[in-house]
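Participant: Before we start, here is the structure in question, set down as structure tokens.
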Amino acid sequence: MDQPAAFVLCLEHGGYEASLEPRKVYRAVADSEAEAHGLIRVIDESGEDYLFPSHLFVRIQVPEQAEKAFAVG
């Protein structure tokens with residue numbers, strides 16, 4: 001049951017300077033439990049996913065061709 005890829009733009013690092021880059025696009029993973037707590041699960045360059053406060057991001061749409069650039073491994 002694959003869900004469509006979701007993408008978010010980082011608005012600010014919010015104290016996570018080592019982990020987040022403002023103005024960078026990240027792939028997001030659906031996580032309803034995290035969302036209920038005001039968090040969002042994003043995937044970094046290593047392919048690992050991490051939770052961050054959702055107010056640090058805004059959801060965006062990327063062209064279908066660009067989605068391939070965000071595919072992990």
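Participant: Hey, could you check region 1-20 for residues that are among the hydrophobic types (A, V, I, L, M, F, W, C) and loosely packed, with under 13 Cβ neighbours inside 10 Å and say which is modelled with the lowest pLDDT?
Facilitator: Filtering region 1-20 down to residues among the hydrophobic types (A, V, I, L, M, F, W, C) leaves 1, 5-11, 18, 20.
Now narrow it down to the ones that are loosely packed, with under 13 Cβ neighbours inside 10 Å: 1, 18.
Numbers: MET1: 38, ALA18: 91.
For region 1-20, the residue satisfying everything is MET1.
So that you can scan it fast, the table gives a plain yes or no per residue for (1) β-branched (Val, Ile, Thr); (2) modelled with pLDDT of 90 or more; (3) touching a helix residue (DSSP H, G or I) at 6+ places or on another chain (Cβ under 6 Å); (4) closer than 15 Å to TYR16 by Cα:
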| site | (1), (2), (3), (4) |
| --- | --- |
| ALA34 | no, yes, no, no |
| ASP49 | no, yes, no, yes |
| PHE52 | no, yes, no, yes |
| PHE57 | no, yes, no, yes |
| GLN61 | no, yes, no, no |
| ALA69 | no, no, no, no |
| GLY73 | no, no, no, no |
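Participant: Among the residues of region 36-47, write down those that are at pLDDT 95 or above and surrounded by 14 or more Cβ atoms within 10 Å (Cβ to Cβ).
Facilitator: Residues satisfying the conditions are LEU39, ILE40, ARG41, VAL42.
Participant: Kindly provide the set of residues from region 17-73 that are out of contact with any strand residue (DSSP E or B) (no Cβ under 7 Å at 6 or more places or on another chain) and assigned to a helix (DSSP H, G or I), ordered by number.
Facilitator: Within region 17-73, SER32, GLU33, GLU35, ALA36, HIS55, GLU64, GLN65, ALA66, GLU67, LYS68, ALA69 qualify.
The values are calculated or read from the model by the stated rules, or taken from the named source; none is laboratory data. Just so it is clear, the structure is predicted and the values come from calculations on it, not from any experiment. Positions of Cβ are generated from backbone atoms using ideal geometry, with glycine treated the same way; all protein chains shown enter the neighbour counts.
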